[in-house]
Amino acid sequence: MKAERDIAGIALPFIAGVAVSVYAGTIYPWQAVLSCIAVAAFTTILMAPSGRALGIPLQWAIIIALMAFCGHLTGLTDRILSLSRPDGAGWLEQKASDICMRMEAAIDAIPFEKEATGQIIKALLTGERSGIPKEVTAAFRESGASHILALSGLHLGIIYGIIRGLLSVLGNSGTIKKIRSLLVIAICGFYTIATGAGASIVRAYLFIVTGEYASLRRIRMTLPTVLMTAMTIQVFFWPGSIRDVGFQLSYAAIAGIAFIFPWLKGFWPGDRRQDAVLTKATRWIWNSAAMSISCQITTGPIAYYYFHTFPVNFILTNMIAIPLTSLIIPAALLTLALSCLGWHPTMMLRATEWLVSALSEALSIIAVM
């Protein structure tokens, strides 16, 4: 708990300072001056005896005020530099984008019976959704599963698990662990860049980097600590991402899992280690529902503010869509790899297509409920 309080005392005021700069529109000098005055006033209040009367020690009052001011300057600097920042992608971004386009072409070349199958797989693996039929997109949207088609932590997390599993054959010596972590970070980073480095998938990548670092250093980091660490890093390097809807929804969802899910999960009585088979199944159903509720509590208001919709069947949608997606992505990657080798096994094609069809049909039914 102490580590969480310490990182919160650094991360939250820094992020708040960035938010002041970004949302105040600090491109114009007079707005910059006003926001600087506001931050200075906040600093003065914290450091004054009246502020310390709230129970904040002097050293923490100074740290909080300093981090808020640093965050403010970070956002301000980014806004100013954005006016002269050159357009166009660098060499690595261009190379990654070219590989992503080749992947899209390879998916199009797979001989699926239904054209929509390849388009959905393309969205799940590369984020390209323009070819998905309108009725399929509508079913995903109305059932509350639009996040499945948008690359996010779910997708990168599945790919991360696959890469970790494949590299596990290298062994578990100290040197091998370091090499494996570097390979995982490099591959996931390249994939993040290739798919456009959206705010949500960048968040997931920072979680991976933080987790790998903690594992190598044998540091125990709780989910709230990882959440605040990743958010601080992302806001520091990309202050403008704080306005991105994907950024807000992604971190809100993780906040729900970190702070609300453990509380809801505890409502199911008993010790899971002593559960019978049937009890394990019912506990899994409750845990899945509790996680969906936790995420919806934190993301629902944001989604309604931006999109003016609220999916009423989100629990059923997530309980069906997330497990199926977790099966579709590995199956699609294997199908794609075999296709690139010139091999199109009928059983693999049909299995992948059946999974995609099951997802699409299930969401179509939920959408009209």
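The values are calculated or read from the model by the stated rules, or taken from the named source; none is laboratory data. Note that the structure is predicted; figures quoted are calculated from it, not measured. Glycine gets a Cβ as well: all are built from the backbone with ideal geometry, and neighbour counts include every protein chain shown.
A few notes on this one:
- Of the residues screened, Ala116 is one that is touching a Gly at 6+ places or on another chain (Cβ under 9 Å), surrounded by fewer than 21 Cβ atoms within 10 Å (Cβ to Cβ) and farther than 21 Å from Thr192 by Cα.
- For the range 142-152, residues that are free of Cβ contacts under 8 Å to residues at least 40 places away in the same chain and over 15 Å from Ile201 (Cβ atoms) total 1.
- Evaluation of Val184 against (1) out of contact with any Asp or Glu (no Cβ under 8 Å at 6 or more places or on another chain); (2) buried (at least 16 other Cβ atoms within 10 Å of the Cβ); (3) in contact (Cβ under 8 Å) with a residue 12 or more places away in the chain (one fails), failing number: (1)
- Single residue of the range 300-323 satisfying the filter (touching a residue at least 40 places away in the same chain (Cβ under 8 Å), within 30 Å of Asp108 (Cα to Cα) and hydrophobic (A, V, I, L, M, F, W, C)) that is surrounded by the fewest Cβ atoms within 10 Å (Cβ to Cβ): Ile322
- Restricting Ser326, Ser250, Ser339 to those that are under 20 Å from Leu363 (Cα atoms), in contact (Cβ under 8 Å) with a residue 40 or more places away in the chain and not assigned by TED's automatic domain parsing to the domain that holds Ala199 reduces the list to Ser326.
- Taking the numbered list (1) under 30 Å from Ser215 (Cα atoms); (2) surrounded by 15 or more Cβ atoms within 10 Å (Cβ to Cβ); (3) at pLDDT below 90 in turn, Gly157 passes all entries but (3).
Results for (1) on the phi > 0 side of the Ramachandran plot; (2) assigned to a loop (DSSP other than H, G, I, E, B); (3) crowded, with 19+ Cβ neighbours inside 10 Å; (4) assigned by TED's automatic domain parsing to the domain that holds Phe14, shown as yes or no for each residue.
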{"residue": "Phe190", "(1), (2), (3), (4)": "no, no, no, no"}
{"residue": "Ser200", "(1), (2), (3), (4)": "no, no, yes, no"}
{"residue": "Tyr213", "(1), (2), (3), (4)": "no, no, no, no"}
{"residue": "Ile219", "(1), (2), (3), (4)": "no, yes, no, no"}
